[in-house]
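Input: a single structure, listed below in structure tokens.
Coordinate-derived values only; no laboratory data. The structure displayed is predicted, hence computed values, not measured ones. In this analysis, Cβ positions are derived from the backbone assuming ideal geometry, glycine residues included, and neighbour counts consider all displayed protein chains.
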Amino acid sequence: MYLSTIRPHRTDAGPGRRWSVVGGNVLALGAVSLTTDVSAEMVSAVLPLYLVVGLHLSPVAYGLLDGLNGGATVLLRLAGGYAADRIGRRKAVAGLGYGLSAAARLGLLAAGHSAAAIGLVIGVDRAGKGLRTAPRDALITLSVPPHALGRAFGVHRTMDAVGAFAGPLVALAVLAVAGQAYDAVFVASFCVACLGLVLLLLFVRDHRGAGPSARAVPLRAAAGLLRLPALRRLFAAAVLLGLATVGDGFVYLLLQRREAVAVGWFPLLAVGTALAYLLLAAPLGALADRYGRLPVLLGGQAALGAVYLLLHGPLRGWPVIVLVLALHGLFYAATDGVLMALAGPVLPERLRTTGIALVQSGQALAYLASSVLFGLAWQAWGPATATRLAALGVLLALTATAPLLAGLHTRPGRAG
Amino acid sequence: MNRRILAALLSAVLLGSVAVGYTVLRARPAPAVDRAGITLDAPGLLLRDTRTGRLAVQDSGGERAGSALGCARLYAAAGTGVCLREGLASAQLVLLGSDLTERRSIPLNGVPSRARVSGSGRMVSWTVFVTGDSYNGGRFSTRSGILDTRTGTLAGNLENFTVDGRPPDPDANVWGVTFAVDDNRFYATLSTGGHRSLVRGDFAARDLHPLKDNVECPSLSPDGTRIAYKKALPNGGWRLTVLNLADLAETPLAETRSVDDQAAWLDDRTVAYGLPHSGTGADVWAVPADGTGTPRLLAADADSPAPLH
């Protein structure tokens, strides 16, 4: 409903045109993310079925494939971020990432039965995702005036989420027509990914540095980012945010166990969070532009703390399920894009992609660590204590984040 | 701008035609139902046709009769059939009468993996593979359940059973159930703390008792004396092996290819199993249960074998 009011190529932020300031480039990037996510989620939705029922690969082999994540992707994300800054071509690096993921769709067809080849193809797909995220977010920060970054990321994340939503439905439609032919899903997914690439090439404008000085960023300068107080604060805040977030799967699993949600409904729990995220990302982005990004970010963390407390709180039945999923979606809507909107303006333009990659990597690694820690706490003390500890962790992260980020210029220069 | 929009539209039309064209071309016509009136009572071999993903029955002459019933995993005994129906996000267990009518259905969360019916047709079990996002750190987990079709008692998750009287570790996984003749005892694989072991279960007592390490996907012989299973090899493959329950002696079978399946006993001397072939799909093979002989092809383009008597 917000998208219809967006008029590209306007930069005035009059009261009636609050959304027009988001601009054509962000819409183009949003459209690329939307199509790419349709393509990616089509494959994610059918991959387990394809591997187990189609190829007769065992769960063990699948578990190995599934475990291929983490470290390598983080390194690639950093390398991609730096490369984009060094050659001053963010669109090219993002395009390479989108291209790799598109190629991986056909790779699934070529891999056939080999678990090793399938693992490689999934690795290529993740590498593509790792490469493109930071340059894309850097491009968003360079495409809109700083005071509108909250809305820009809100609109982008909404479009992204719409794609993730539609992907499984498209896969379902393809399978309904093609019967057991999983390869039809991969071919269709490849075509959708190519369309995303075409949209990127045609409509996304790169934001090249102003002069030759912006090119050829030496590695030393990138390392110097770490001495930048603003980046250190952002990095620490991102790590805290990651540490406070235990795996989504835990939240759904605890909800299902406690409320005895029928197993057939289990997949819908994730859909509930995604729906809340989709609906709230743009409004919360606007709220962040108007009243400051830090309060919105902290509010999101508070919502996460409430989620953990509710998982073993006094409330029972459907109200707690709806409330938990809504707050969980609100947490993501209030933190994911908002953190990037906070980061963008305080990072030097010629090192912005590297900086964003650093912040995102810190958050991702901390998230992995906290999921492992939560799993251990669950085993040692049971789910009730573990969730209360997680809520305490959120409270600690929140109190540390507030002074960390208060030093940044979070209040936009002019409110929409 | 107009030229770019035109280029984008042309690309969309072109890519859309490729996607739709490929999908439509891959669509197979609904399989001709060779013979109406398939039953689970008549002798034969119950199969899942991997070209169509539908239930079929092969008679002793090798003639196959297809049905319109789509399943990801199948089993049947004594007129009770079980069909694990696949779905994108969740699956369904469908309990079949001998004329393939649906008697009951249970929603499952995960990808269908194993299914079994006790020799009397009373007890039904299933295993699904839970892909769950990453709550267990990217490792796979399975969920197995048992339904007593006579009393309606449903144990939706065998991880809730005790192990020698104590609750199992939270990381416990159970898969590959096979029933003893008394319709109470059963065998299965229990994985916990990195160990995979054969357990003997007691449905009434809701308890599991570990018997032996490194035994996966057990299948009890009709006479109840031996268990056919897949034995993990150091190279990552599996060797189809038979375990004698009296003295725990192991006999590797003549099948040297890696078999990742829960075998089905055709009689007390022969086991059948699915083996994937190139592309998607599999073939059903059979091999003597005493380690002699050579594997023989029972049915091409099929998996999920179950003998019908």
Karplus-derived 3J(HN,Hα) from phi for region A:122-128 (6.51 cos²θ - 1.76 cosθ + 1.60, θ = phi - 60°), whole Hz, x at Gly and Pro, runs 5, x, 4, 4, 5, 4, x
Evaluate E = 1/(1 + (r/R0)^6) for A:Ala384 and B:Thr292, where r is the Cβ-Cβ distance and R0 equals 56 Å; express this FRET efficiency to the nearest 0.05. 0.50
Check each of the chymotrypsin sites (Phe, Trp or Tyr not before Pro) in region A:300-363 and keep only those in coil by DSSP with at most 10 other C-beta atoms within 10 angstrom; list them in order. none
What is the distance in Å between the Cα centroid of region A:345-394 and that of region A:70-116? 24
So, in nm, how far is label B:Ala7 from label A:Ala402 when the simple model puts each one 7 Å beyond its Cα toward the Cβ? 5.2
Paramagnetic reach from B:Val18 in region A:164-178 [backbone N under 14 Å; point 7 Å along Cα→Cβ]: none
Can you run phi through the Karplus equation (6.51, -1.76, 1.60; θ = phi - 60°) for region B:182-190 and list ³J(HN,Hα) in whole Hz, with x for Gly and Pro? 7, 6, 10, 6, 8, 10, 7, 9, 10
May I ask for the net charge around A:Ala161, where only other residues with Cβ less than 12 Å from the Cβ of A:Ala161 are counted and Lys, Arg are +1 while Asp, Glu are -1? -3
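Which length gain, in nm to one decimal place, applies between A:Ala369 and A:Leu392 when the Cα-Cα distance is subtracted from 0.36 nm times their residue separation? All intermediate terms of the calculation are to be shown ahead of the outcome.
Values: separation 23, 0.36 × 23 = 8.28 nm, distance 1.66 nm.
Extending this stretch completely gives an extra 6.6 nm.
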Compare the peptides B:165-176, A:120-131, A:25-36 by average per-residue count of other Cβ atoms within 10 angstrom and give them in order, highest first. A:25-36, A:120-131, B:165-176
Pull up all non-local amide H partners of A:Thr245: gap of 5 or more, or a different chain, and H-to-H distance under 5 Å with H placed in the peptide plane. none
From the backbone phi of region A:332-345, what are the Karplus-calculated ³J(HN,Hα) couplings (6.51 cos²θ - 1.76 cosθ + 1.60, θ = phi - 60°) in whole Hz, Gly and Pro given as x? 5, 5, 8, 10, 4, x, 5, 4, 5, 5, 5, 6, x, x
Between 0 and 90°, nearest 10: helix B:2-26 axis offset from chain B longest Cα axis: 40
What does the highest-first list of A:146-156, B:245-255 look like by mean Cβ count within 10 Å? A:146-156, B:245-255
With n ≥ 4 as the cut-off for DSSP H runs, can you work out [θ] at 222 nm for chain A, using -39500 (n - 2.57) per run divided by the number of residues, rounded to the nearest 500? -27000 deg cm²/dmol
Equivalent ellipsoid, region A:96-239 (semi-axes from 5 times Cα gyration tensor eigenvalues, Å): 35, 19, 16
